Amino acid sequence: MKENVSTPIYSITPFTLLDYAHKSACILWFTGCNMRCLYCYNPEIVLGKGTISLEKALAFLSSRKNLLDAVVFSGGECLLHKSSIKLIAEVKKMGFLVKIDTNGSKPAVLQELLKNQLIDYVALDFKAMPAHFEKITQSDLFNPFEKSLRLLIASGLTFEVRTTVHSDLINENQMKQMVTYLEKQNYKGNYYIQHFMNGANTLQELGYSNKEIEKVNLSTANIKVQFRGK
């Protein structure tokens, strides 16, 4: 992906109570991604061009000081942009909490953010196990994801792991393997399963996805599996 240095942000969601638990936030949507997940809901962001400069984003955030608790960096993949680290640092100086939505493909960038204590919460997308990762993401980036997962576990930072499930792409056995994998990595806490939203505009046209996986008890002593999506 070629970075659009001048306008890396596709759009801004000015207010949300859903994307950072118990906090009021806005969302900065960064263009571009190094994955092409078949079920991606944001093809216009992944494939499109940015429209908002860092200066314009900072001006907006300055107007929201003392009104919002947090800023969510999402996309696309926000950590692909070199400018995102600079922007995150500026956002922290303003007094906001910072949440990162990431596919885990940039562990070196994540490590820098952790080292400099620039992030407060991370939502890490766990796409699939290696055997199915390339099919779902159209990439070979499982190893960087694994490095990011291990970095986050070692850091002690509060974070969540989440997986979007389409019943044609991930079955019950694969989900059990993913939970077992997280246990072996010593992950503890909530593991969020996000149901594919039927009818959504996605990168690839997919058939109907059922929710049969909800009938399976996937939780363990250390990992609580929770379902999101209607």
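The values are calculated or read from the model by the stated rules, or taken from the named source; none is laboratory data. Remember, it's a predicted structure, so these values are computed and weren't measured experimentally. Every residue, glycine as well, gets a Cβ built from its backbone with ideal geometry; the counts of neighbours run over all protein chains shown. All accessible areas refer to the heavy atoms of the entire protein, side chains included, with ligands and DNA or RNA removed. Shrake-Rupley method; radii C 1.70, N 1.55, O 1.52, S 1.80 Å.
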Cα-derived Rg over Rh, computed across segment 138-230 with Rh taken as Kirkwood radius: 0.97
So for segment 135-185, Kirkwood radius off the Cα pairs, Stokes-Einstein at 20 °C and 1.002 mPa s: how many µm² s⁻¹? 172 µm²/s
Residues whose placed amide H lies under 5 Å from that of residue 97, excluding near-sequence neighbours: 70, 71
Among 56/188; 99/184; 82/127; 86/211; 82/147; 65/224, which pairs are too far apart, with a Cα-Cα distance over 29 Å? 56/188; 86/211; 65/224
Counting pairs of alpha carbon atoms under 8 Å apart in space and at least six apart in sequence, what relative contact order in percent does segment 22-96 give? 47 percent
Would you mind pulling out the separation of the Cα centroids of segment 1-54 and segment 176-192, in Å? 27 Å
Size of the dipole of the chain about the Cα centre, Lys and Arg at +1 and Asp and Glu at -1 on the beta carbon, nothing else charged, in debye to 20? 480 debye
Go ahead and estimate [θ] at 222 nm for the chain from helices alone: -39,500 (n - 2.57) per DSSP H run with n ≥ 4, summed, over the residue count, rounded to 500. -9000 deg cm²/dmol
Rounded if a/c is under 1.5, else prolate if a/b is larger than b/c, else oblate: which is segment 31-106, with a ≥ b ≥ c the root eigenvalues of its Cα gyration tensor? prolate
When the solvent-accessible surface of protein heavy atoms is calculated with a 1.4 angstrom probe, in what order do 214, 183 fall, highest first? 214, 183
Report residue 160's accessible area, 1.4 Å probe, all protein chains in place, as a number in Å² to the nearest 10. 10 Å²
Kirkwood-based Rg over Rh for segment 111-167 (C-alpha set), two decimals? 1.02
If you take the alpha carbon radius of gyration of the chain and divide it by 2.2 N^0.38 Å, what ratio comes out, to two decimals? 0.99
Toward the positive end of the charge dipole of the chain, about the Cα centre and with charges on Cβ (Lys, Arg +1; Asp, Glu -1), which of 145, 201, 157 goes farthest? 157
